[in-house]
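Chemist: The structure that follows is given in the form of structure tokens.
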Amino acid sequence: VADLGLQDQVVTVDRAAPATLNRFLFFGGRQRALPVKPVHLLTRFARPLWGAPYTVLRDLLAPRNGPPADPAAGDDRESVGSLVSQRLGSALDDNVVSAVINGIYVAGTRVLSSRAAATPLWRSERSTGSVLLGLHLPLEGRPSGPEGGEEGPWQLQRSAGAQALWARLEAASMYSFRGGMQTLTDQLAERLVNSSNVTLIRGRAWLRRDPAGGLPRLGVAGGTHFRDILGDPATVLRVDLLRHAMDTMRRALGVSREPVLAAAHVQRQCISAYPVGYVGMLEEVD
């Protein structure tokens, strides 16, 4: 962003903004507000986190899942689901973490590497023997990643410039650009056009205009439970995909009107995932 000269185009949402504090998880047939304060674990979010006190004790008393964080050891043998279940209980993995992970990676927690896809949890557990204690340590008290305690090249570059931009981003819950995310791609395209070793192809089918004509759009992804609900992706009918999508929006969001335009596609493994062993595979790349 700084290299492209877009610092002044960045807009952020503060961590204390209502849009940040009011987030929901669909559980038990209705939307439930995610906890903002510790007391919410026992009030408005009690059912998804049933047994939270036991969960805390389990994490504090259970032995460390693996050896202390050591970049040279190539410790990338534990999935997100295994880490969360062993430290905090399977209920938290099934009811909360799986929903968050599916929303990002469209992959199950038992497939994704904890070191690659849930790095803060992995670092915390490996450095202190507890997910909760590790997360509360000052940032400098935890390993910084594959480079251990040493600063990597990107960190040195970050500290050398654009400090004001980084400070804004670290204080924000989300960010975008004044003209939307297309501001970034437009600036990248302009930069690439002027590069002698890049050929930019324009006007192909994937650059078509929005067929919805600017109307609000909603999407439903099948995720890891696709086969359980709809069967084999190779034989499922389009009408069944659309029916399931409409049923989901009706139950979760209360949207009952028929869409102006509807499309259904089966895209298998269409989002890059980080399976167990991913970090080791990267280290093998020359």
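Chemist: Using a 1.4 Å probe and counting only protein heavy atoms, arrange Met249, Met174 so the residue with the most accessible area comes first.
Modeler: If we order Met249, Met174 from most to least accessible, we get Met174, Met249.
Chemist: Work out, step by step, the length gained on full extension between Val56 and Val11: first 0.36 nm times the residue separation, then minus their alpha carbon distance; give nm to one decimal.
Modeler: 12.5 nm
Chemist: Multiplying the sequence separation of Ala221 and Leu237 by 0.36 nm and subtracting their Cα-Cα distance, what value in nm do you get?
Modeler: Extra length available between Ala221 and Leu237 comes to 4.2 nm.
Chemist: When all protein chains stay in place, what accessible area (Å², nearest 10, 1.4 Å probe) is found for Tyr54?
Modeler: 140 Å²
Chemist: How do Thr12, Thr55 stack up against each other in accessible area, from largest to smallest, with a 1.4 angstrom probe?
Modeler: In descending accessible area the options line up as Thr12, Thr55.
Chemist: Starting from 0.36 nm per residue, how many nanometres of slack lie between Asp247 and Val260 once their C-alpha separation is accounted for?
Modeler: 3.1 nm is the gain from fully extending Asp247 to Val260.
Chemist: Starting from the amide H of Leu112, placed 1.01 Å from N in the peptide plane, find each other amide H under 5 Å away whose residue is 5 or more places distant or on another chain.
Modeler: When sequence neighbours closer than 5 places are left aside, the close amide H contacts are Val80, Gly81.
Chemist: For Asp94, Asp232, give the ranking by accessible area with the largest first, probe 1.4 Å.
Modeler: My answer, sorted largest first, is Asp94, Asp232.
Chemist: In the full protein assembly as shown, how much of His265 is accessible to a 1.4 Å probe, in Å² to the nearest 10?
Modeler: 140 Å²
Chemist: I'd like the FRET efficiency for Met281 and Ile104, computed as 1/(1 + (r/R0)^6) with the beta carbon distance as r and R0 of 25 Å, rounded to 0.05.
Modeler: Between Met281 and Ile104 the formula returns 0.80.
Chemist: Suppose R0 equals 35 Å. What FRET efficiency, 1/(1 + (r/R0)^6) with r the Cβ-Cβ distance, do Glu190 and Leu34 give to the nearest 0.05?
Modeler: Once rounded, the FRET efficiency stands at 0.35.
The values are calculated or read from the model by the stated rules, or taken from the named source; none is laboratory data. Note that this is a predicted model, so its numbers are computed, not measured. Positions of Cβ are backbone-derived with ideal geometry, glycine not excepted, and every protein chain shown enters the neighbour counts. Calculation scope for accessible area: heavy atoms of the full protein, side chains included, ligands and nucleic acids excluded. Shrake-Rupley method; radii C 1.70, N 1.55, O 1.52, S 1.80 Å.
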